[in-house]
1. Collect the residues in segment 130-185 that are in contact (Cβ under 8 Å) with a residue 60 or more places away in the chain, among the hydrophobic types (A, V, I, L, M, F, W, C) and open to solvent by 40 Å² or more (accessible area, probe 1.4 Å), keeping them in residue-number order.
2. Quick one: which strands (runs of 3 or more DSSP E) lie wholly within segment 124-220 and hold at least 3 residues that are of a type outside the set (Ser, Thr, Tyr) and modelled with pLDDT of 95 or more?
3. Can you find a residue in segment 90-101 that is over 19 Å from the mean Cα position of the chain (by Cα), under 19 Å from Ala8 (Cα atoms) and open to solvent by less than 50 Å² (accessible area, probe 1.4 Å)?
4. Let me spell it out: the conditions are (1) at pLDDT below 95; (2) over 26 Å from Ile168 (Cα atoms), and Met1 meets all of them except one. Which number is the exception?
5. Any idea which residue in segment 186-214 is most open to solvent (accessible area, probe 1.4 Å), counting only those that are touching a residue at least 40 places away in the same chain (Cβ under 8 Å) and in contact with an Asp or Glu (Cβ under 8 Å, 6 or more places away or on another chain)?
6. Which numbered condition trips up Ser218, out of (1) in contact (Cβ under 8 Å) with a residue 60 or more places away in the chain; (2) of a type in the set (Ser, Thr, Tyr); (3) touching a strand residue (DSSP E or B) at 6+ places or on another chain (Cβ under 8 Å)?
7. For Asp230, indicate whether it is within 19 Å of Gly17 (Cα to Cα) and either more than 21 Å from the chain's Cα centre (by Cα) or open to solvent by less than 60 Å² (accessible area, probe 1.4 Å) (or both).
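The values are calculated or read from the model by the stated rules, or taken from the named source; none is laboratory data. Keep in mind that what you see is a predicted model, and the values were worked out from it rather than measured. Here the Cβ is made from the backbone with ideal geometry for all residues, glycine too, and neighbour counts use every protein chain on show. In case anyone asks, the SASA skips ligands and DNA or RNA and just uses the protein heavy atoms, side chains included. Shrake-Rupley method; radii C 1.70, N 1.55, O 1.52, S 1.80 Å.
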Amino acid sequence: MTASRSRADSLRWTAQGSELFFGALDASPDERLARPTALDGWTGRHLLAHVAANADALVNLAHWARTGEETPMYSSPGRRDADIEAGATRPAAELRAWAARSAEALDARLAELDESQWARQVRTAQGRTVPAGEIPWMRAREVMVHAVDLGAGVGFDALPAGFLAALIDDITAKRSGAGDGPALTLTAAGHDGTWAVSGAGDPTPVTGTLAGLAAYLSGRRSDGVTAAGDRPAPELPRWL
C-alpha cells in the first residue's frame with residue numbers, strides 16, 4: 001500500500017510532532033535525560049542532541065533549496081555522530097534551548113520557500129537526491145518517532161493515523177530496498193492497509209494495529225504484533 005502524502009500533510013505532521021516532542025521533553029526532568037533510553041547506547045541527552053542537530057542539518061537543506069548553493073546536511077560523513085556525542089555533554093538547559101532554537105529556525109526557513117524552491121533537488125545524509133519538498137517529511141519522522149523514544153508517556157498510538165500509514169510505507173520501501181532482512185507481509189487490524197517487505201525466505205504474515213506495525217517496523221517495542229500462529233514476529237533492527 002502507498003499512502004497519499006502531500007507536502008501540506010508533512011508540514012502539518014511536523015508541527016504536530018514538534019508539539020508532541022517538546023511536550024514530552026517538558027515532562028522529562030533533567031535527571032531522566034541522563035538515563036539510558038530504549039535506543040541502544042543513547043541517553044535522553046543523546047536523543048535531544050540528535051533532534052537538535054537534525055533541525056540544524058535540515059536548515060542547511062532549506063538554504064540549498066532557497067539559494068541553489070549546495071549545502072550538505074553535515075560537513076562530513078562523521079559529523080552527525082560527532083555532533084550527537086558532543087551535544088550530549090552539554091548542560092541540560094543548554095540542550096533544551098538548542099533543540100527549541102533549531103526547531104524554530106527550521107520552521108522559519110521552510111516558510112521562506114516558494115514553489116520553484118520546493119522543487120529544487122537536494123541531497124540527504126544518505127546520499128539520496130530528493131526534492132526539497134521532502135524536507136518536512138524528514139523532520140516529521142524525527143519529531144514524531146523520537147517523541148515516543150523520550151519515554152515520557154507518548155506512544156505510537158498517539159501519532160496521527162495518516163502519519164503512521166506514511167511511515168509504514170517509507171520503512172517498507174527502505175527495508176525492501178536493502179533486502180537484508182526477513183520477507184514480510186503486514187496487515188493492520190482495523191485499517192485497510194496491507195504492506196509487503198521484500199527479503200530473505202518466504203514472507204512471514206504479520207498482523208497488528210497501525211501503531212503497532214509502525215513501532216515494529218521501526219525496530220521499537222511493539223505490543224500486540226504477531227506472526228501467523230500467534231508466534232512472535234521476526235526481530236528487526238532499529239530504523240531512524
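1. Selection gives Ala158 alone.
2. Here the list reads 182-188, 194-197, 200-208.
3. no
4. For Met1, the failing item is (2).
5. Per the criteria, the residue is Thr209.
6. (3)
7. In short, no.
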